[in-house]
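Right, one structure below, let's go through it.
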Amino acid sequence: MACLLEINVYLCCRKVTMRMKNRFISFFLFLTLCLISPAQNRQSTDAYFSSVLKGTELASMPSGRFSIAELEQHKKTVWESWCRANQVFAEEKLPALRPLTNADTLRWHLPPVLEADSVMPFYFGTKGERPAEGWPLMLYLHGPGPKEHEFATGYILCQRFDDAPSLYFIPQIPSEKHYRWYLKGKQHIWEQLLRQSFVGGEVDANCIYLFGISEGGYGSQRLASFYADYLAAAGPMAGGEVSENAPAENLGHVGFSFLTGADDLMFGRDRLTRRAAELLDSLQERYPGEYCHNIQLIPGRGHHIDYNPTTPWLKSFVRTPRPLHFVWEDFPMDGRYRNGFYNIQVHERDTTGGNERTRYEMDIRDNVVSLSLERVKYMTVEREPKWGIPMVQYTSSERATKGRFTLYLSPDMVDFDRKVTVIVNGRRVFKGYLKPDVRHLATSCACFFDPERLFPAAVEVAL
């Protein structure tokens, strides 16, 4: 910087034009960035990721412009830095892989601030031979009842399912006092599982599958909507969630299987399953090809059904990590929001009038990114008479007028050689050429911790 000041003074004394001076300074800054050693860049990125994982004040942000021709190399460098930071981060780690039939019972502790005195036992093991692209990861959630019994039953069932090759994570509910799979203590575990699985390099990031039975069916339906951008497919069984708890709109690009007994009447499970089918049928009609689902009420069956068909159906799907169109209802689960979804990172939400939910719809066509943001409210029009559970809900919406978010973009979404236009709620907020920068690769990595979502460019949007 002292050198730059001296150059600035020299140029002023020479009475060069402001335009010439600005060009010279820009060239000097570019040259300075080019001279920064790879070791310095690596140290800066490692320090940034370390601070992200620790949740401390962020270290200086890594940055540096590059060309699209250099994208793959910079993505590789950033991801390796993220992996190094995770490897030295002090936390309970996933074990080395071994066959599921020979897996040990392992344990992860939930953060006490999220769920006190809670330990999650789990099995982690493989079935079949590892595919070249990595293991498909299956997350199974057991049903209610004494947790040790349900855990043991789940372990047996998962060995029998016809879905090899696969890698299973089979957890036991940490505490019967908090017998819900979607609570924020468990959210911490699911995100730790995904992050470590990606970093370990053994899992195919585009083949993540979530399913469960009974209470696990409720949990997998909620979590599928909440974490849809990570999933290839999801398969609740013998469940039935209220629409507000698991917005169907979020399931675009996710294969969704939902099997319930036609005579499973308790808590209106049969009717809620039928309602989910109605909503997804409507969405599939509106957005052809985006909402593939297999929802069935099994004739003559109550709460116990054949669980075997689910995982083979799920495994026919592969994730779409960077869709050109999606709908996302951003909602809190157990009081906690996601940081973002697909290629949107949320910084501030429109909470006007106590609003908790915002619906984003993104559509990209011919280098134009169109986004609509709406505040969403649910109205219950029909309840189950015995338990008072909402059976039918509709939504009302109005345009969001506040909020701030980052829109990340990559070359397979828009053409970086042409100007990109971003329109939000009918107003143009950006038109110009995108500038690839290491900073965007790093911040998107920190947000999504996903090797398929390292974005080289971003547009900051404030309503």
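The values are calculated or read from the model by the stated rules, or taken from the named source; none is laboratory data. None of the values given here were measured: they were computed from a predicted structure. Neighbour counts are summed over all protein chains in view; Cβ atoms, including those assigned to glycine, are modelled from backbone coordinates with ideal geometry. Side chains included, ligands, DNA and RNA excluded: accessible areas come from the protein's heavy atoms. Shrake-Rupley method; radii C 1.70, N 1.55, O 1.52, S 1.80 Å.
Where does helix 18-35 land angle-wise versus the long Cα axis of the chain, in degrees 0 to 90, nearest 10? It is inclined by approximately 60 degrees. Cross-link reach is defined here as a Cα-Cα straight distance under 19 Å, omitting same-chain residues fewer than 8 places apart; for Lys76 the lysines meeting it are Lys435.
Calculate, for Thr101 and His304, the FRET efficiency according to 1/(1 + (r/R0)^6) with r their C-beta to C-beta distance and R0 22 Å; round to the nearest 0.05.
On the way: r = 25 Å, r/R0 = 1.14.
Calculated transfer efficiency: 0.30.
Based on Cα contacts under 8 Å between residues 6+ apart, the chain shows a relative contact order of 12 percent. When a/c reaches 1.5 or more, the comparison of a/b and b/c decides; with that in mind, is segment 207-288 rounded, prolate or oblate per its Cα gyration tensor? It is oblate, given that a/c is not under 1.5 and a/b is not larger than b/c. Cα axis of helix 184-200 to longest principal axis of the chain: angle in degrees, 0 to 90, nearest 10? Roughly 60 degrees, rounded to the nearest 10.
What do you reckon, how do Leu324, Leu94 stack up by accessible area (1.4 Å probe), largest on top?
Working: Leu324 75, Leu94 35 Å².
My answer, sorted largest first, is Leu324, Leu94.
Estimated from helices alone, the mean residue ellipticity of the chain at 222 nm is -10000 deg cm²/dmol (sum of -39500 (n - 2.57) over DSSP H runs with n ≥ 4, per residue).
Can you give me the accessible area per residue for the chain, using a 1.4 Å probe, in Å²?
Details: 21310 Å² over 463 residues.
Solvent-accessible surface per residue comes out at 46 Å².
The order of the peptides 280-293, 195-208 by mean Cβ neighbours within 10 Å, most packed first, is 195-208, 280-293.
Calculate, for Thr56 and Arg365, the FRET efficiency according to 1/(1 + (r/R0)^6) with r their C-beta to C-beta distance and R0 45 Å; round to the nearest 0.05. Working shown, then result.
Working: r = 41 Å, r/R0 = 0.92.
Computed FRET efficiency for Thr56 and Arg365 comes out at 0.60.
If I stretch the segment between Glu148 and Asp412 completely, what's the gain in nm (0.36 nm per residue apart, minus their alpha carbon distance), one decimal? Write out the running numbers ahead of the final one.
Values: separation 264, 0.36 × 264 = 95.04 nm, distance 4.70 nm.
Here the segment from Glu148 to Asp412 would lengthen by 90.3 nm.
Axis angle, to the nearest 10 degrees, between helix 2-13 and the longest C-alpha principal axis of the chain: 40 degrees. Kirkwood's formula applied to the C-alpha pairs of segment 166-319 gives a hydrodynamic radius of 15.7 angstrom. Each listed q (0.11, 0.14, 0.18 Å⁻¹) maps to a log10 I(q)/I(0) for segment 82-189 from the Debye sum over equal C-alpha point scatterers, namely -0.38, -0.61, -0.97. Peptides 226-235, 132-141 ranked from most to least packed by the mean count of surrounding Cβ atoms within 10 Å: 226-235, 132-141. Of the options [x] 4, 17, 21, 18, 13, 11, 9, 6, 2, 0; [y] 4, 20, 31, 27, 14, 4, 0; [z] 4, 18, 28, 26, 14, 6, 3, 1, 0, 0, only one is P(r) over Cα pairs in 10 Å bins from 0, in percent as computed from these coordinates, and that is [z]. Entry for segment 324-410 at q = 0.15 Å⁻¹: log10 I(q)/I(0) = -0.65, Debye formula applied to identical alpha-carbon scatterers, no solvent contribution.
Using a probe of 1.4 angstrom, how much of the accessible area of the chain is carbon and sulfur, in percent? Can you show the working numbers first?
Numbers: 11190 of 21310 Å².
That share works out to 53 percent.
The lysines within cross-link reach of Lys431, meaning a Cα-to-Cα straight distance under 17 Å and a gap of 8 or more places when in the same chain, are Lys419.
What percentage of all Cα-Cα pairs in segment 385-463 are separated by more than 15 Å?
Numbers: 2047 of 3081 pairs.
In whole percent, the share of Cα-Cα pairs in segment 385-463 beyond 15 Å is 66.
Annotation: lysines with alpha-carbon distance below 29 angstrom to Lys186 (same-chain offsets under eight excluded): Lys54, Lys93, Lys127, Lys147, Lys177, Lys315, Lys377.
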